[in-house]
Each structure stands twice: as C-alpha cells, then as structure tokens.
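The values are calculated or read from the model by the stated rules, or taken from the named source; none is laboratory data. Computed from a predicted structure; not experimentally measured. Using ideal geometry, Cβ is built from the backbone for each residue, glycine included, and neighbour counts are taken over all protein chains shown. For accessibility, only protein heavy atoms count, side chains too; no ligands or nucleic acids. Shrake-Rupley method; radii C 1.70, N 1.55, O 1.52, S 1.80 Å.
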There are 2 protein chains.
Amino acid sequence: MKQILIIDDDEKLGELLTQYLARYEMQAHVAMTPSKGFEMIKKLKPDLLILDVMLPEKDGFEVCREIRAKSSIYGQLPILMLTAHAEVTDRIVGLELGADDYLPKPFEPRELVARIHNILRRSGDDATLREIKPINGIDVDTSRREVKLDEVVLDLTTMEYELLILFMQYPNKTFTRDELMNRLRGIDAELFSRAVDTLVSRLRHKLGDTSKTPRFIKTVWGRGYTFIGEQR
Amino acid sequence: MKQILIIDDDEKLGELLTQYLARYEMQAHVAMTPSKGFEMIKKLKPDLLILDVMLPEKDGFEVCREIRAKSSIYGQLPILMLTAHAEVTDRIVGLELGADDYLPKPFEPRELVARIHNILRRSGDDATLREIKPINGIDVDTSRREVKLDEVVLDLTTMEYELLILFMQYPNKTFTRDELMNRLRGIDAELFSRAVDTLVSRLRHKLGDTSKTPRFIKTVWGRGYTFIGEQR
DNA sequence: CATCGATGATAAGTATTTGCTTCATCAGCT
DNA sequence: AGCTGATGAAGCAAATACTTATCATCGATG
C-alpha cells in the first residue's frame, strides 16, 4: 500500500484527505509542521509527499527546496504541492523548486488522486505502468495502454483496463468483490451494488469469455473472481 | 531518445535538470568537471552539450573553445552555454567561441527546453526535422515543413504541425492530454482547459477527420488520443 | 495602432461510460 | 426435484468525458 505523507497545518483537511485516500489504497499520514514532517519522512519513507505552501515555521517552498537539496538523504521523493491559488505555476513545478506537480486549492479530491497517480507513474512506481507478463493470449503494453488478445487489439474502457491489469498482476488469485471495489481506483459505487459484477461481465464480453467455460475470468461461487493464469 | 550532457559543478542543478528533461524525452547526464566532461563526450556521444560558464579547472569558455578547436574529434556537437548573468551575450554566441546559444541564470525550465529544441532543429537533428514515414496518406516533408494529405498540401499552424509530428512519430501510442501538453513546446494552458482538445479538433478538421469514424486520430475515452498507424 | 491569424477559455451540445435495476439462470443444498 | 441465495445479462439513467462553435486575448505584421 502506498504511503503518503501530508505536511499541512490544517487538521481538518488532513483528516479528510486521509480518509479519502484510504479508499484508493493509500495510507496517508499528516504532519502539522515542517520539522515534524522531516522527522516522519525519515521514519515512514513515504512514496509521495503532499506539501502545503502555507505552513508554520517555514513555507512549503522552503521545505521543498530543502528536500531536494538533501537528496542524498531523501532521495527523489516525489512532491505534490498545494498552492493557495492558481498563481506561481511554473515556478513550483519547474526546476527552481523541483516539485513534481502542484494543485491549486480548493481542489477536487478526484483531481488529487489523479495527480498522485500521475506522479507515481512518472516515477515508475505505479501499478498501471509495471510490466505485465503475457498470459494466456493476452498481451498488455502498459506504456501504450494497449491490450492485445491473440494479436488483436482490444478497445477497453478505463475501468475495464484497470480491472484487467489488476487481475493479470495476480493470476490465480481470487478477489472478492470488496477487494476489487477497493483496489480499482475511481470506482464509486454503493456498498451492496452489483457494479463489480457488471464490470466483470463487460470485460468478459470484450475478451470473448463466457462464465460457463471461462478461458480467463473464473467465477468463484460465493467468493468472487479469479483470473486464470495458465492452461493446464 | 536524445542524450544531453551537462557540464556543471552544481550537483543540485544537474539532478533537477536531469529530472526535468526526462519529461521531454531527453536523457541527461552530468559531468561535474571539464575533464570528466570530455571523457563523457567521447563515451556518450551526446546530441547536445549544456555547459556552465563557471567551472572548476577551466571555465566554460575555454571548454567550448577546445571542443570547437578539436572538431575532428568532437564534430559539430551543439553547445548551449549557461551564463551567470545576462552579460557577455555576443561573445559567447559569436564566432569567437562557437557556442550555439546561451541562457542566463536563473532561467525558466521551459525556456531551456525551448532553446534545446531550437538548437537541435538548427543542427538538423530535432524531432521536427527527423524524417517521418508517410502513414495512411499523410506525407510530411520536415525540411520544408510541408504536409501533404493524399497529395494535397495542407496549411497547418505551428501547433497543429507539431502535434501531427508528435503523433506520427509514435503511431498507435496513446497520449494523455497531460503528456501532449508537456511534449508540445509552447503550449501554455490553464490546468483544466480544453486546449489540447481544441487543438486536436482543429487538426482533425484540417485532416478532414471525424471523431466518430476516425481515419487518423482516435479518441481513447478516459485516457487521451491515439494516432492510427496502420489500418488493421 | 489597426488588422489578422493563432491559440486558449468557455460553454452548449453529444457521446460514452458506468452504476443500478430487474429478471432469468445457476450452484449448492436438502 | 425443489428451494434459496448468488450470479449473469440486458436495458436504463445519471455521471462523466469529449467535441466544437464562438469569443477573448495576444503577438506579429504592416
């Protein structure tokens, strides 16, 4: 699970974000001050840092600069900055500071998640960019976001694609609906809906798969679904 | 991918530049001293050299002069010089030294990228000058900056042209809007604007393409756009 | 300094995706 | 076989994403 450190003195925002990010398989931690932040970076070794510009002690620019300066300690920790308004753009993202992206407040939580994924992807750390081994006739080129089934290119929607990726990363693992719901970013359904079933059904359809004699996605009655790894 | 060699003793700047240039499909390498630099030029055969004026051992002017003097060894390696301040201009760019361009510190990263492209273009090595294979009825003559669709010359604006070039260099690759935004130099849009969509739309229009049954540019829903390479 | 073309912003109009409902079907059980 | 709860699939509707016309802005040009 991705660890996210938030340095922001707005307690409420921190909590909301923590809660929200949890839905997307990210564990957030909040540091209210820069000094606390530095401490936590060392302890937590987060995968990404969300940094508010307005902070006590020193501002976010300063913090960012410091982290970049001491890259020997902090490495290339990806940084997303939250700015009070839409100004300053290039200065932040650009070299001078070395942040990876910025987001003006107020922002949509979705937007934040999208950006986090973006950054993680750029730093080569995201699931959707990890190499996926061809299995059973399906070949995924994650850098092109292209899926081939028996050499034929498939046209998948975002959700379908992500579901497939998830399955292929863990062939033969049985996922419960709950699990799938949580692991698929952006899924936004009622607790007891059949959204997952629907999604699986649609993916199956595009894969030319049938639930009765599945080549790819097997139904595990009472539990969930399994992506079949190898023919045996 | 373009190889860029940076000779600069400022470690931090080097790292940040490396990171930043990576976004634009350029692989940067840093040499902290001139002697190390010469060594790496021979090994790497970079496409362009970024040279700081302030260096240990000998200054950037000296390095530049030496490279030009030994053109039999180093060829016409394009050189971009970084100067501490805005002075000295002509001396650097002029014949005396033979640098191709200069940029005073501090600079905007965008500006640097723009200049790199400029130099590479002049030295006939840039993407916009690289040969582009005719695809699907579109034939681009990069040296004349002329685009023919089914033997008819099209009148494209700068942005449209660059977008097309980018697409044609990576047929069948799906670009996200973010990616396009970053890769198209000169694009300067707000965070949530439809600037890219607009541009695509305009290019499509001039190509006589329709979004519904695209011959060239396919919309990848939820992701971005793809230039169709071959009919399948 | 007026004009024109290029380009970004905006918003109304479409299109597609996706969650939900419903109902037929199926697995597991007695 | 018959019952029960789980699953599959089709259709619908709301949410979300895309297209494009139009306007505003900016810079180049004369």
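Send over the Kirkwood Rh of the range B:138-227, from the inverse of the averaged 1/r over different Cα pairs, rounded to one decimal Å. Please report the intermediate quantities before stating the final value.
Details: mean 1/r = 0.0747 Å⁻¹.
One decimal place: 13.4 Å for the Kirkwood radius.
List, in the order given, every pair from A:42/B:43; A:70/B:36; B:43/B:133 whose Cα-Cα distance in the structure shown is over 32 Å.
Violating the 32 Å Cα-Cα cut-off are A:42/B:43.
Heavy atoms only, 1.4 Å probe, whole protein assembly: order B:43, A:2 by accessible area, highest first.
Heavy-atom accessible area, descending, gives B:43, A:2.
Take the Cα atoms of the range A:5-47, build their convex hull, and give its volume per residue in Å³.
With only Cα atoms used, the range A:5-47 gives 49 Å³ per residue.
State, to one decimal in nm and shortest first, how far the label point of residue A:39 sits from each corresponding label point in the other identical copies (label point: 7 angstrom along Cα-to-Cβ).
Reported distances to equivalent positions: 4.4 nm.
If we hang a label 7 Å off Cα along the beta carbon direction at residue B:12, how far is it from the matching labels on the other copies, in nm, shortest first?
With the label placed 7 Å along Cα→Cβ, residue B:12 yields 3.6 nm.
Taking the alpha-carbon centroid of each part, what is the distance from the range B:181-226 to the range A:17-81 in angstrom?
First find each Cα centre; the distance between them is then 35 Å.
Using a 7 Å offset from the Cα along the Cα-to-Cβ direction at both residue A:153 and residue A:190, what is the distance between the two label points in nm, to one decimal?
For residue A:153 paired with residue A:190, the spin-label model returns 3.9 nm.
How large is the accessible surface per residue of the range B:138-227, computed with a 1.4 Å probe and reported in Å² as a whole number?
On a per-residue basis, 51 Å².
Using a 7 Å offset from Cα along the direction of the beta-carbon, what are the separations from residue A:213 to the same position in each other copy, nm, ascending?
Reported distances to equivalent positions: 3.6 nm.
7 Å from Cα along Cα→Cβ at both residue B:44 and residue A:114: what's the point-to-point distance in nm?
A separation of 3.5 nm, rounded to one decimal place.
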